[in-house]
Amino acid sequence: MLKMKYLPYFILVSLILFDILILLGLVVLFFDLEDTTLIAGIIAFTGAIIGGVITYSGVLLTIERQRVQNLAEKYPERLMVSDKILDSIAISLHEIFLVRDQYKLLDTANKNKIRLNIINDHLKVANDLLIDSVKVSGEIYRLTREYVRLLKGLKFICSINSDFIEEKINQEQENLINIFKAVSKEKDLALGTSKNAYEIENRLKS
């Protein structure tokens, strides 16, 4: 991957050296080689170009190396935050909507009291995760904020008694499943480069 990335620079250096050889050939053809001042000037010019290209390539390599190190250092924390968000969504899915099947004999009001306690616990966790989600990516933050909004919506739904409450809760269940899938997909996209950098750093250290 890195070899392919720096291939254009290798081609650029090769073209420059090729142009210099052509220039030297023209000098030999049209100018007096006994003019050492001209030859010295051409050599100095050539050396300056080569030195500049080497310096520029070195700077690019240093910047790329620093970028890889930064990605590698942040990867464990970003991975942990992503997994916490996914775990929170998965657990809330299980606990909130299990009430419907686990407490069939209870009326809607009592079911909602149980749901409210569960939702309040998950809402507290989700708000904390929202702060950390910015460390992963902007999209993960947006999805986590949507998760918080959904929990708040469920909290409101459960705080009222309505004949359509179970239907509304079922709709939110589908929405929560979609958020989980979106976070899982975005996690792979957002952490792909960091994971590669982390693995490269570990190989270099071993």
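Worth a mention:
- Treating r as the C-beta distance of LEU86 and GLN171 and R0 as 22 Å, the FRET efficiency rounds to 0.55.
- Point-to-point label distance, ASN127-ALA109, nm (Cα→Cβ direction, 7 Å offset): 2.8
- Sites GLN102 and PHE156 - FRET efficiency at Förster radius 22 Å, r taken between beta-carbons, to 0.05: 0.50
Quick note: the coordinates plus some simple rules give every number you see, no bench work behind them. This structure is a prediction, so every number in the text was calculated from the model and none was measured. Note that we place each Cβ from the backbone using ideal geometry, even for glycine, and neighbour counts take in every protein chain shown.
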